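J.: Structure in structure tokens, see below.
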Amino acid sequence: MEDDSKPLLSSEQPGESYSHQGSTDSLDCKAKRPFHVEPRNIVADDQLERVSSEASILNSRVHYYGRLTGSSDRLLSPPNHVIPGPEEIYIYSPLGTAFKVTGSERPSKNPSIITIFAIWNTMMGTSVLSIPWGIKQAGFTMGVIILVFTGLLMLYCCYIVLKSPKGIPYIDTSDWEFPDVCRYYFGKFGQWSSLVFSMVSLIGAMVVYWVLMSNFLYNTGQFIYNYGHNVTVSDKEWGTNGSDKVLCPYPPTTPGGNGSTSVFFLHGGGNDTSDDVPFQHWWSKTNTVPFYLIILLLPLLCLRSASFFARFTFLGTISVLYLLTLVTVKAVRHGFHLEFHWWDSTKFYVPEFRIFFPQLTGILTLAFFIHNCIITLMKSNKHQENNVRDLSVAYLLVGLTYLYVGVMVFASFPSPPLPKDCIQPNFLDNFSSSDAMVFVARTFLLFQMITVYPLLGYLVRVQIMGQLFGSPYPSFFHVLAQNILIVGAGVLMAKFYPNIGSIIRFSGATCGLALVFIFPALIHMISLKRQGNLRWPSALFHSFLILLGLTNLVAQFLM
């Protein structure tokens with residue numbers, strides 16, 4: 001006879017993650033199964049034995065269902081209505097007593113408007129700075145068409161991810177994430193591959209952040225130095241004059257080229273330019289500033305918890321709102337400069353359709369990417385029946401934001417005198433370091449990224465260290481070695497290849513191949529086939545999605 005003090009109903013379902021075992025702070029009555037406890041061992045705070053007749057009947061019922069769970073038939077699992085509520089569940093102690101579970105309050109739910117803007121705020125990242133460059137690479141007309149089409153495609157794939165746990169029968173998937181769903185359908189391969197591609201998106205974002213932080217820190221320091229030493233910025237051939245100076249950092253010799261050579265120079269009122277040489281030597285965008293960031297950010301990455309930095313996520317919303325204001329003001333001052341040349345480029349304008357359009361699709365794959373955390377975000381929605389509607393509205397707002405920034409920056413770029421090919425992968429690089437409004441934007445973005453970067457590093461550490469060593473912080477030296485590798489990648493990119501547009505498109509196309517196209521499409525088709533509802537139009541369309549994701553990745557290496 002089995003000892004009654006052992007758990008009779010297991011909390012583990014086939015394919016379920018082990019991450020929640022052993023937790024007594026929060027217990028979901030549907031996700032957890034109660035332990036059988038002898039009535040004499042149930043005690044209250046006053047140490048008096050309080051066992052009602054209802055509790056005894058419930059105990060016997062659960063005990064009966066516990067004997068049935070030894071069968072392989074999932075239909076013999078206890079139904080939810082016989083599972084005790086959190087207030088009735090006790091944890092059995094080897095010392096001979098049992099105590100009630102504490103902290104079983106349900107998490108607060110958010111109204112739809114909060115959920116929508118949470119998705120918008122999560123999706124709005126550094127990609128918005130590269131949207132104008134992507135539209136320039138694709139051509140204005142094709143760029144707008146691709147942006148709308150890619151947004152709709154990403155929305156549909158995100159919808160598949162959101163509903164994927166509900167297609168799994170006989171298993172409680174209320175606490176599952178998308179990697180758990182991949183593990184259910186594809187085993188260990190699905191779990192590890194989803195983890196790897198998630199890491200590609202996170203580490204790619206951290207590399208982009210390092211390049212941008214180096215850029216913003218350099219320009220911020222340059223602005224302060226120029227202001228303190230009465231130094232003004234002048235442009236040579238590739239620039240405009242006036243209070244709203246626009247620069248072309250490199251001559252547009254080749255379409256889609258990336259130049260980092262500065263063609264504007266500094267001069268002070270009456271001062272010899274040689275006085276600025278020591279400052280320029282120690283304050284270089286690619287040679288010194290990326291290394292200065294190590295002193296600040298590497299210790300922050302090694303902190304055991306990054307919860308402190310989560311309090312500053314509001315800076316992201318402020319930065320995006322200010323960026324929209326900046327774009328609007330600059331567009332009003334510069335006016336629109338558009339000419340439509342459908343296939344041939346001119347001296348100042350690019351054609352409406354260009355063969356470099358895959359560079360925009362790669363950027364947009366990451367710009368609209370939220371698939372690895374959409375299930376978590378939607379769990380907090382107060383009205384679950386509105387999840388699809390709220391997700392669609394959120395994607396609409398994100399798409400309109402990207403469209404507004406891309407169109408306004410591209411259309412208002414002063415052509416002539418500058419050609420549209422001068423638009424940079426980070427469109428803020430087209431403005432002088434002495435521009436006050438742009439200085440504020442760079443400062444906002446710099447502080448935002450300094451607070452978000454440790455959060456991204458914490459997510460990478462939790463997932464990698466948790467899978468490899470079973471602990472998010474196995475030791476200081478493990479964490480330090482991982483962070484040195486990540487920081488080293490950022491420093492190398494900031495020094496040798498500071499093109500955030502290319503970094504974003506490669507990482508976006510890589511992670512999107514698995515988490516946006518392949519896994520959601522395959523899971524959807526497998527689920528429909530098991531239900532007997534898979535038809536050839538659906539199979540053909542979802543197979544086309546997989547082919548589209550593969551083509552998107554391959555095309556990045558051909559541009």
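The values are calculated or read from the model by the stated rules, or taken from the named source; none is laboratory data. All of these numbers come straight from a predicted model, not from anything done at the bench. Positions of Cβ are generated from backbone atoms using ideal geometry, with glycine treated the same way; all protein chains shown enter the neighbour counts. Protein only, heavy atoms only, side chains kept; ligands, DNA and RNA dropped before computing areas. Shrake-Rupley method; radii C 1.70, N 1.55, O 1.52, S 1.80 Å.
J.: Inside the range 171-209, can you point out the residues that are among the small types (Gly, Ala, Ser) and either assigned to a helix (DSSP H, G or I) or open to solvent by less than 20 Å² (accessible area, probe 1.4 Å) (or both)?
T.: The answer is GLY187, GLY190, SER193, SER194, SER198, SER201, GLY204, ALA205.
J.: Anything in the range 358-381 that is over 13 Å from the mean Cα position of the chain (by Cα) and open to solvent by 50 Å² or more (accessible area, probe 1.4 Å)? List them, or say none.
T.: Scanning the range 358-381 gives a single hit, LYS379.
J.: Still on this model: Go through (1) open to solvent by less than 50 Å² (accessible area, probe 1.4 Å); (2) at pLDDT 90 or above and name the single condition GLY532 misses.
T.: (2)
J.: Among the candidates PHE312, PHE291, PHE265, which residue alone is surrounded by fewer than 16 Cβ atoms within 10 Å (Cβ to Cβ), under 30 Å from the mean Cα position of the chain (by Cα) and at pLDDT below 90?
T.: PHE312
J.: Filter the range 463-486 for residues that are over 24 Å from PRO290 (Cβ atoms), open to solvent by less than 50 Å² (accessible area, probe 1.4 Å) and assigned to a helix (DSSP H, G or I); which is modelled with the lowest pLDDT?
T.: Here the residue is GLY466.
J.: Please work out if ARG311 is out of contact with any helix residue (DSSP H, G or I) (no Cβ under 8 Å at 6 or more places or on another chain) and under 26 Å from ALA481 (Cα atoms).
T.: No: the conditions fail for ARG311.
J.: Which members of the range 503-526 meet the condition of being farther than 24 Å from THR126 by Cβ and either free of Cβ contacts under 8 Å to residues at least 24 places away in the same chain or open to solvent by 20 Å² or more (accessible area, probe 1.4 Å) (or both)? Quick ask: steps written out before the conclusion?
T.: Residues of the range 503-526 farther than 24 Å from THR126 by Cβ: 518-526.
The answer is ILE518, LEU522, HIS524, MET525, ILE526.
J.: Look at the range 496-537 and say how many of its residues are hydrophobic (A, V, I, L, M, F, W, C) and not in a helix (DSSP H, G or I).
T.: Result for the range 496-537: 1.
J.: How many residues, within the range 363-395, are in a helix (DSSP H, G or I), within 14 Å of ILE160 (Cβ to Cβ) and either touching an Asp or Glu at 6+ places or on another chain (Cβ under 9 Å) or of a type in the set (Ser, Thr, Tyr) (or both)? Don't jump to the end; show me each part of the working.
T.: Step one: list which residues in the range 363-395 are in a helix (DSSP H, G or I), which gives 363-367, 374-379, 384-395.
Next, only the ones that are within 14 Å of ILE160 (Cβ to Cβ) stay: 374-375, 378, 387-388, 391-392, 395.
If we keep only those that are either touching an Asp or Glu at 6+ places or on another chain (Cβ under 9 Å) or of a type in the set (Ser, Thr, Tyr) (or both) too, we end up with 375, 378, 392, 395.
Residues flagged as in a helix (DSSP H, G or I), within 14 Å of ILE160 (Cβ to Cβ) and either touching an Asp or Glu at 6+ places or on another chain (Cβ under 9 Å) or of a type in the set (Ser, Thr, Tyr) (or both) within the range 363-395 amount to 4.
J.: Considering VAL393, VAL409, VAL405, which residue is open to solvent by 40 Å² or more (accessible area, probe 1.4 Å) and either of a type outside the set (A, V, I, L, M) or over 18 Å from the mean Cα position of the chain (by Cα) (or both)?
T.: From the options VAL393, VAL409, VAL405, the qualifying one is VAL393.
J.: Those residues that are under 19 Å from LEU403 (Cβ atoms) and among the aliphatic types (A, V, I, L, M), I need them from the range 321-357; list them, please.
T.: Result: LEU321, LEU323, LEU324, LEU326, VAL327, VAL329, ALA331, VAL332, LEU338, VAL350.
J.: Of the conditions (1) among the polar types (S, T, N, Q); (2) within 20 Å of LEU513 (Cβ to Cβ); (3) at pLDDT 85 or above, ASN372 clears all except one; give me its number.
T.: Exception for ASN372: condition (3).
J.: Among PRO425, PRO454, which is in a loop (DSSP other than H, G, I, E, B) and either surrounded by fewer than 18 Cβ atoms within 10 Å (Cβ to Cβ) or on the phi < 0 side of the Ramachandran plot (or both)?
T.: PRO425
J.: Only residues that are polar (S, T, N, Q) and within 14 Å of MET142 (Cα to Cα): list them for the range 348-404, please.
T.: Quick first cut of the range 348-404, residues polar (S, T, N, Q) only: 359, 361, 365, 372, 376, 380-381, 384, 386-387, 392, 401.
Result: GLN359, THR361.
Results for (1) open to solvent by less than 40 Å² (accessible area, probe 1.4 Å); (2) over 30 Å from THR313 (Cα atoms); (3) modelled with pLDDT under 55; (4) not basic (Lys, Arg), shown as yes or no for each residue.
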site	(1), (2), (3), (4)
PHE117	no, no, no, yes
ILE135	yes, no, no, yes
PHE140	yes, yes, no, yes
GLY151	yes, no, no, yes
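J.: Any residue in the range 345-357 that is charged (D, E, K, R), open to solvent by 70 Å² or more (accessible area, probe 1.4 Å) and touching a strand residue (DSSP E or B) at 6+ places or on another chain (Cβ under 7 Å)?
T.: no
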